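Report on the following structure.
The values are calculated or read from the model by the stated rules, or taken from the named source; none is laboratory data. Every value quoted in this text rests on a predicted model; they were computed, and no experiment measured them. Note that we place each Cβ from the backbone using ideal geometry, even for glycine, and neighbour counts take in every protein chain shown. Accessible surface areas use protein heavy atoms only, side chains included; no ligands, DNA or RNA. Shrake-Rupley method; radii C 1.70, N 1.55, O 1.52, S 1.80 Å.
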Amino acid sequence: MRKMRWGAAILAAAVAGAPVQAGAQTLTLAVAAAPTSVDPHYHNLGPNNALSMHIYGALVDTDAAAKPRPGLALSWRAVDDTTWEFKLRPGVTFHDGAAFTAEDVAYTIARVPTVKNSPGSFLLFTRAVTGVQVVDPLTVRMTTRGVTPLLPVDMTQVHILPKGLGAEPATEDFNSLKHAIGAGPFRVTAWRPSDRAELARNDAYWGPKPHWERVVYRMIPNDSARTSALLAGDVDVIEAVPTQDLAKLRTDKRVAMAEAVSLRVAYLMLDLSRKDGQPFVQGPNGEALTTNPFQDVRVRRALSLAINRQLIVDRVMEGAAVPTGQFLAPGSFSYVADLEPPKQDLAEARRLLAEAGYPNGFRMTLHGPNDRYVNDEKIIQAIGQMWSRAGVQTKVEAITWPSFIGRASKQEFSAFFAAWGITSGEASNPLRAMVATFDAQKGMGSANRSRYSNPALDAVIERASAITDDARREQALIDATRQAMADVALITLYQQKNIWGMKPNLRYVARADEATRAADVSVAP
Amino acid sequence: MSATSQEAAPMPPKQETPFRRFISEYSESPVAVVSFIVVVLIVAIALLAPWISPQDPYDLAQLDIMDGRQPPGSRSMETGLFFWLGTDDQGRDMLSGIMYGLRISLGVGVGSAVIACIIGSALGLIAAFAGGKVDTGIMRLVDLQLSFPAILVALMILAFLGKGVMNVMLALVIVEWARFARTARSAALVEARREYMEAAKCLALPQWRLVFRHMLPNCMPPIIVIFTILVARSITLEATLSFLGLGVPITEPSLGLLIANGYQYMLSGKYWISFYPGIALLVTIMAINLVGDQMRDVLNPRLKR
């Protein structure tokens, strides 16, 4: 049996290597980062969740703009402050033929905390749930600890498993495909870590039937190799088109592109944990400072105004980003319509610096990772140039991600560049993680590595994120964002774009959440 | 053929010092002479870079991202500076970048080779002279060192120590000292049996004097040859490490890092960012290797006519 499966896999691989022929209905796509497991609850990581979307399916799905839409649940409502009710989709079956019911939801929520050795737990999304009641086979209620307006958003990340898998299914059994059973548009037929997964269409899928009978899901992390594979016709669709190849690919007739503004916002943080002096800031002649210039909002504003965001987007990102002065892109929930990205104004920046007591500027070092975000080390050099022109003599240092994030979390840098993926698609997430005062116990400020602290703003954020009514919460979040940006709690730079490249006869519905969904790839009419 | 017949012709008698003989034998090969001139030129460019380069490529304030990725022969829109070899993505003049890059490449290459030479030769001489357990100990360490690929050892060391010019030099010293030790030991073993060593021993000179005053100068020729080869190898290794992103900081690129920066733009046809630093690296390494080859031929007594 096992031998046969391998034989089939090799045969499939040989077929997959060939370009798509008319009628073959095989789609070969190349993703940029390898999922670490087929277990949907093992590792909360973008690449894993993107693969899970093919095989499993969550109560709440998200559309291309990352807004919630019905998935395995048809509708949901808050019964009271601490209870959410989900009405489930009738007539759904899992790959093994079992019917999907409320029992499976209860089973899944109970399974999440039992996953062993998880490098990134999905408990993050189910922690608030204190109880699951099966009201009837198609109705389930979740009681939460405190008011949890974002529970439906959290449920977009929790893929549902059939209760038939038994008590505490092991991650290894998912990777061997024994347990890889869901209600998604595809079944997984082969899994080779860091190389490829192979999928076959689930003809019993509840949603629109995908065009592709078979999908070869290849993992090609090297940027040039991925682009070359597309140009050579080895793959049909690639994600994360490298920015340096954009200019060329946009004019290449062999390639069609699809792009969407992502939920990832690039930002700079200035250290506010110190009152006297800074490890990487000196006076204009290299003398030690006894003050922390960043404590003065005028200095923070000057550094923000010194940056030409449009130029960075055009020249470094090759247009694969949009300049911003807030967390989210236009059209998102809680986007502040009248908050324009700051325009570069060197004269005003110098005036603010002089007013703050630094007429000759100062010297500083800007840190950033060199292997994590798109063009990360080029961005910090460009910002170094711009700050130097405003009178702040800037050096830059790019270091490898694991070491970078460890040091940034210990406030070892004076200023650093990073980016944040807003998974929930609304401003409460960055406000609570990056602006709210750091408090590990309350789970606030988990990514507030500058240690910015503004008690008045904390209160506004806390109040806003506890409103269940969407319209009122949006207004409150807009107010909080406005205050955070006016006080330059952090300097937001741009939102990245997600860019897909594909053969000219294909179309893809570009998504804000970076996932490449085979079901959303169609043949151009 | 004509060279041999010239050789055969009787040479006018003139005072022949070893140095003069070396010069005359060395200049028998025109390629070697040209290579030597190229090496001298490259060293001069590297030393004089701050005075002769059009731009300081390490000063962010002098760069303008508006000038990024300009092809060779274009002019800066802001400063009017002429870019002979184009610019990289940050608007860094490639010609200046190459000049400063040579500085780092040569500095790291020569610096690490000198330190490795001192440590390796000393250990090799000690091994040869002391013999017994000391010899076995040192030489097994050398075998161990040489059994690992140099790039792998360097990668491990840099992964452990982190980036930086000093760390790259340290890594290069660690991967290279063993070759010096092996060369110095074999040369010393030959020299130790010579009469002058016996004579020196009979004078009851202290050991350090025997080793460093009498034996070392006579072991120098093979060490000098291996030195030139290892300088070229160090430059290649540094370029490789920088290319892999483990070498020098991004704002102070060496040749390897310049090539790595441009490599991403190869597909989009912006060849000059990688191409010219690559040529500079190629010429440097080839010239040093050719000089080393000729020196090996001249200094090798077995090839003496």
Angle between chain A longest axis and helix A:455-464 axis [Cα atoms, degrees, rounded to 10]: 30
DSSP bridge pairs, the protein assembly as shown: antiparallel proportion in percent, nearest 5: 80
Collect residues whose amide H, placed 1.01 Å from N in the peptide plane, falls under 5 Å from the amide H of A:N454; neighbours closer than 5 in sequence don't count. A:T437
Taking a crude spin-label model, label points 7 Å out from Cα along the C-beta direction, the A:T114 to A:E348 distance in nm is 5.9
For the stretch B:48-62, just list the computed ³J(HN,Hα) in residue order, Karplus coefficients 6.51, -1.76 and 1.60, θ = phi - 60°, integers in Hz, with x standing in for Gly and Pro. 8, 3, x, 9, 9, 7, x, 8, 8, x, 9, 9, 4, 5, 8
Rounded tilt (10° steps) of A:2-17 against the dominant C-alpha axis of chain A: 60
Percentage relative contact order, chain A, counting C-alpha pairs under 8 Å, at least six apart: 19
Applying 1/(1 + (r/R0)^6) with R0 = 30 Å to the Cβ-Cβ distance of A:A524 and A:A232, what FRET efficiency is obtained, to the nearest 0.05? 0.90
Accessible-area composition of the stretch B:166-271, carbon plus sulfur, in percent [1.4 Å probe]: 63
Taking 23 Å as the cut-off for C-alpha to C-alpha distance, list the pairs among A:K67/A:K343; A:K67/A:K163; A:K343/A:K497; A:K178/A:K503; A:K67/A:K87; A:K343/A:K378 that go past it. A:K67/A:K343; A:K67/A:K163; A:K178/A:K503
With an 8 Å cut-off on Cα pairs and a minimum separation of 6 or more residues, tell me the relative contact order of the stretch A:304-370 in percent. 31
What figure, in Å² to the nearest 10, do you get for the accessible area of A:R372 with a 1.4 Å probe and non-protein molecules left out? 120
Using θ = phi - 60° and the Karplus curve 6.51 cos²θ - 1.76 cosθ + 1.60, what whole-Hz ³J(HN,Hα) does each residue of the stretch A:323-336 get, with Gly and Pro shown as x? x, 8, x, 8, 7, 10, 8, x, x, 7, 5, 6, 6, 8
Interface buried area B-A, accessible surface with 1.4 Å probe, both sides summed, nearest 100 Å², comes to 2100
Kindly express, to the nearest 10 degrees and within the range 0 to 90, the angle between helix A:102-111's C-alpha long axis and the longest C-alpha principal axis of chain A. 50
State, to one decimal in nm, how far the label point of B:M66 lies from the label point of A:A225, with both points 7 Å from Cα in the Cβ direction. 4.1
Expressed as a percent, the accessible surface of the stretch A:265-378 that is carbon or sulfur, using a 1.4 Å probe and the full set of protein chains, is 49
Find which of B:A184, B:A171, B:L41 sits farthest along the positive direction of the dipole of chain B, computed with +1 on the beta-carbon of Lys and Arg, -1 on that of Asp and Glu, about the Cα centre. B:A184
Excluding ligands, DNA and RNA, what is the solvent-accessible area per residue of the stretch B:117-305 at a probe of 1.4 Å, expressed in Å²? 49
Which whole-Hz couplings ³J(HN,Hα) result when phi for each residue of the stretch B:231-238 is put into the Karplus expression 6.51 cos²θ - 1.76 cosθ + 1.60, θ = phi - 60°, listed in order with x for Gly and Pro? 4, 4, 5, 4, 4, 4, 5, 4
Chain lengthening between A:D136 and A:R192 when straightened (0.36 nm per residue, less Cα-Cα): 16.2 nm
Under the rule of -39500 (n - 2.57) per DSSP H run of 4 or more residues, summed and divided by the residues of the protein assembly as shown, what mean residue ellipticity at 222 nm is obtained, to the nearest 500 deg cm²/dmol? -13000 deg cm²/dmol
Okay, which of the stretch B:219-251 sit inside 19 Å, backbone N to the point 7 Å along the Cα-Cβ direction of B:F212? B:219-221, B:223-224
Output the relative contact order of the stretch B:117-305, whole-number percent, from Cα pairs under 8 angstrom with separation of 6+ residues. 22
Would the stretch A:87-154 count as rounded, prolate or oblate if I go by the C-alpha gyration tensor, calling it rounded below 1.5 in a/c and otherwise prolate when a/b exceeds b/c, oblate otherwise? oblate
The stretch A:381-488: trypsin sites (Lys or Arg not before Pro) falling in loop per DSSP and having at most 16 other Cβ within 10 Å: A:K410, A:K442, A:R451
For q = 0.11, 0.15 Å⁻¹, what log10 I(q)/I(0) does chain B give under the Debye formula with an equal point scatterer on each alpha carbon and no solvent? -0.79, -1.15
Quick one: go through the stretch A:476-509 and flag any residue whose amide nitrogen is under 20 Å from the point 7 Å out along the Cα-to-Cβ line of A:D338. A:476-488
Of all trypsin sites (Lys or Arg not before Pro) in the stretch A:286-367, the ones in DSSP coil with at most 15 other Cβ atoms within 10 Å are A:K343
Grab the beta carbon distance between A:E213 and A:K67, set R0 = 35 Å, and tell me the FRET efficiency rounded to 0.05. 0.70
About its Cα centre, the protein assembly as shown carries a charge dipole, from +1 on Lys and Arg Cβ atoms and -1 on Asp and Glu Cβ atoms, whose size in debye to the nearest 20 is 1580
Let me understand the stretch B:58-119 better: what is its radius of gyration from the alpha carbons, and its Dmax, in angstrom? 15.5, 51
At least 10 Å² accessible surface lost relative to isolated chain, residues of the stretch B:126-170 (1.4 Å probe): B:K163
Starting from the 7 Å offset along Cα-to-Cβ, what nm value, one decimal, do you get for the label separation of A:T143 and A:D276? 5.3
Toy charge model, Lys and Arg Cβ at +1, Asp and Glu Cβ at -1: the stretch B:117-305 dipole around Cα centroid in debye, rounded to 20, equals 460
Could you put A:H179, A:H367, A:H211 in order of accessible surface area, largest first, with the 1.4 Å probe and the full protein assembly present? A:H211, A:H179, A:H367
Rounded, prolate or oblate: which fits the protein assembly as shown, taking a ≥ b ≥ c as square roots of the Cα gyration tensor eigenvalues, rounded meaning a/c under 1.5, else prolate when a/b beats b/c? prolate
Can you give the FRET efficiency to the nearest 0.05 for A:Q310 and A:A98, using r as the Cβ-Cβ distance and R₀ = 60 Å? 0.65
Farthest toward positive dipole pole in the stretch B:117-305 [+1 Lys/Arg, -1 Asp/Glu at C-beta], among B:T251, B:Y276, B:S121: B:S121
For the stretch B:117-305, with the dipole built from +1 on Lys and Arg beta-carbon atoms and -1 on Asp and Glu ones, taken about the Cα centre, which of B:V134, B:P149, B:L205 lies farthest toward the positive end? B:L205
For B:S186, the accessible surface traced by a 1.4 Å probe with all protein chains present amounts, in square angstrom to the nearest 10, to 60
According to the square roots a ≥ b ≥ c of the eigenvalues of the Cα gyration tensor, what is the shape class of the stretch A:400-525, taking rounded for a/c under 1.5, prolate for a/b larger than b/c otherwise, and oblate for the remainder? oblate
Going by a 1.4 Å probe on protein heavy atoms, which residues of the stretch B:68-114 end up with at least 10 Å² less accessible surface in the whole assembly than in their chain alone? B:G68, B:R69, B:D89, B:Q90
Have a look at the stretch A:239-253 and report residues whose accessible surface goes down by 40 Å² or more when the remaining protein chains are included, against the chain on its own, probe 1.4 Å, ligands and DNA/RNA excluded. A:Q244, A:K248
